[in-house]
Amino acid sequence: MEYLDFELPIKELEDQLDKCQIIGQESDVDVTNTCKQIQKKLEETKRVIYKNLTAWQRVQLSRHPNRPYTMDHVRALCGDSWLELFGDRNFKDDKAMIGGLGKIDGQSFMIVGQQKGYNTKTRQYRNFGMANPEGYRKALRLMKMAEKFGIPVLTLIDTPGAYPGLEAEERGQGEAIARNILEMCRLKVPIICVIVGEGASGGALGIGVGDRVLMMENTWYSVISPESCSSILWKSWEYKEVAAEALKLTSADMKKQKLVDDIIPEPLGGAHYDRETTFKTVQQFIMKAYNELKDLSTIDLVTQRVNKYSKMGEYKE
């Protein structure tokens, strides 16, 4: 298990607990009470730390190397029913954007999402979850296929942003994202979006327009990352914590501003502490959202979606 800087008090107590248990196993000394005291202190420390997380700490949790990625969710949700589809039928297959058909609780979904890597080799292969234009065009191709066959769309968002390279811009990165936003607004099937990690900028918006947008508790959603915001405003990354608070990017902030529909709770410590519970909770929220949408007519579905996004940003002086 890897620990973030604010989790070090937890690591110290867990190390103490391990040593205490080893002493009890290797000697005749009764350490039961001592272990119980350390365990109690450990649980209290976890509750205090994780119930009072700052915006920057939640950003750190969303990037935790042990956190379940998109393909982890897909395998847990779909099992053997997952059938991956490839290519945008124009340029090539983008490995940062995955997509395919799968069944969740007996219901077929067209699933699209960004996939990060687990180590240096796979991170390079997946381009760190940053899709090129062909990735967004692949996503749109699959969503239009789902519309043709009346299959609901599920998107899993986890990206530090769309790939900002010269070649991506030459192939129309901005147009590809804008086209996806337009087409998703008028897609004639239910769309459920789940932010499972980072939700950064247009990279997230390119597959983020939905009838229901759900955020996991320790994720973030913003027009810009805290580091980039800090470097623009203060010419340094040192103010990333201040930027994270100012951006109001946490799930609670997004729900308060009515930019997302619901928050998916995570186990104490984050999704990586109890993956099985995390996957079950995500499935429950996805099916709840689908059951709310499945009986709507095409006209009502699209009208409600357009009205939802039209109201965003309204305010009274």
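The values are calculated or read from the model by the stated rules, or taken from the named source; none is laboratory data. What you see is a predicted model; the values in this text were computed from it and never measured. In this analysis, Cβ positions are derived from the backbone assuming ideal geometry, glycine residues included, and neighbour counts consider all displayed protein chains. Accessible surface is based on the protein model in full, side chains and every heavy atom, while ligands, DNA and RNA are left aside. Shrake-Rupley method; radii C 1.70, N 1.55, O 1.52, S 1.80 Å.
Restricting the search to region 2-32, which residues are touching a helix residue (DSSP H, G or I) at 6+ places or on another chain (Cβ under 8 Å), surrounded by 11 or more Cβ atoms within 10 Å (Cβ to Cβ) and among the aliphatic types (A, V, I, L, M)?
LEU4, ILE10, LEU13, LEU17, VAL31
Give the residue, chosen from VAL189, VAL209, VAL194, that is among the β-branched types (Val, Ile, Thr), more than 15 Å from ALA55 (Cα to Cα) and outside any loop (DSSP other than H, G, I, E, B).
On the way: VAL189 fails: outside any loop (DSSP other than H, G, I, E, B); VAL209 fails: outside any loop (DSSP other than H, G, I, E, B).
The unique qualifying residue is VAL194.
Please specify each residue of region 138-190 satisfying the condition of being closer than 23 Å to ARG63 by Cβ, touching a residue at least 40 places away in the same chain (Cβ under 8 Å) and among the aliphatic types (A, V, I, L, M).
ALA139, LEU154, LEU156, ILE157, ALA162, ILE177
So which residues in region 108-151 are on the phi > 0 side of the Ramachandran plot, of a type in the set (S, T, N, Q) and touching a strand residue (DSSP E or B) at 6+ places or on another chain (Cβ under 7 Å), if there are any at all?
none
Quick check on my filter: what residues within region 229-253 are open to solvent by less than 50 Å² (accessible area, probe 1.4 Å) and out of contact with any Pro (no Cβ under 7 Å at 6 or more places or on another chain)?
Correct list: CYS229, SER230, SER231, SER236, LEU249, THR250, SER251, ASP253.
I'm told LYS256 meets every condition in (1) over 28 Å from LEU187 (Cβ atoms); (2) among the charged types (D, E, K, R); (3) open to solvent by 60 Å² or more (accessible area, probe 1.4 Å) except one. Can you identify the failing condition by its number?
Checking LYS256 against (1) over 28 Å from LEU187 (Cβ atoms); (2) among the charged types (D, E, K, R); (3) open to solvent by 60 Å² or more (accessible area, probe 1.4 Å), the one that fails is (1).
I'd like to check something: does region 204-223 contain any residue that is surrounded by fewer than 17 Cβ atoms within 10 Å (Cβ to Cβ) and free of Cβ contacts under 8 Å to residues at least 60 places away in the same chain? First the steps, then the outcome.
Within region 204-223, the first condition is being surrounded by fewer than 17 Cβ atoms within 10 Å (Cβ to Cβ), and the residues that meet it are 223.
After this cut, where a residue has to be free of Cβ contacts under 8 Å to residues at least 60 places away in the same chain as well, the list is 223.
Yes, that holds for at least one residue.
Residues are listed down the side, and each one gets a yes or a no for (1) surrounded by 16 or more Cβ atoms within 10 Å (Cβ to Cβ); (2) farther than 29 Å from ILE263 by Cα; (3) not aromatic (Phe, Trp, Tyr):
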{"site": "LYS116", "(1), (2), (3)": "yes, no, yes"}
{"site": "THR159", "(1), (2), (3)": "yes, no, yes"}
{"site": "GLU169", "(1), (2), (3)": "no, yes, yes"}
{"site": "GLN173", "(1), (2), (3)": "yes, yes, yes"}
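Could you list, in sequence order, the residues of region 259-310 that are open to solvent by 70 Å² or more (accessible area, probe 1.4 Å), under 26 Å from SER222 (Cβ atoms) and either hydrophobic (A, V, I, L, M, F, W, C) or in contact with a Cys (Cβ under 9 Å, 6 or more places away or on another chain) (or both)?
LEU268
Being open to solvent by less than 40 Å² (accessible area, probe 1.4 Å) and closer than 23 Å to LEU77 by Cα narrows it down to one of GLY129, GLY106, GLY150, so name that one.
Working: GLY106 fails: open to solvent by less than 40 Å² (accessible area, probe 1.4 Å); GLY150 fails: open to solvent by less than 40 Å² (accessible area, probe 1.4 Å).
Being open to solvent by less than 40 Å² (accessible area, probe 1.4 Å) and closer than 23 Å to LEU77 by Cα holds for just one of GLY129, GLY106, GLY150, which is GLY129.
Within region 78-177, considering only helices (runs of 4 or more DSSP H) that don't extend past its boundaries, which have at least 2 residues that are over 17 Å from the mean Cα position of the chain (by Cα) and closer than 28 Å to PHE285 by Cα?
Values: elements: 120-125, 133-149, 166-170.
The helices (runs of 4 or more DSSP H) meeting that bar are 133-149.
Which residue out of ARG67, ARG75 is open to solvent by 20 Å² or more (accessible area, probe 1.4 Å) and more than 28 Å from GLU175 (Cα to Cα)?
Numbers: ARG67 fails: open to solvent by 20 Å² or more (accessible area, probe 1.4 Å).
Criteria check complete, one pass: ARG75.
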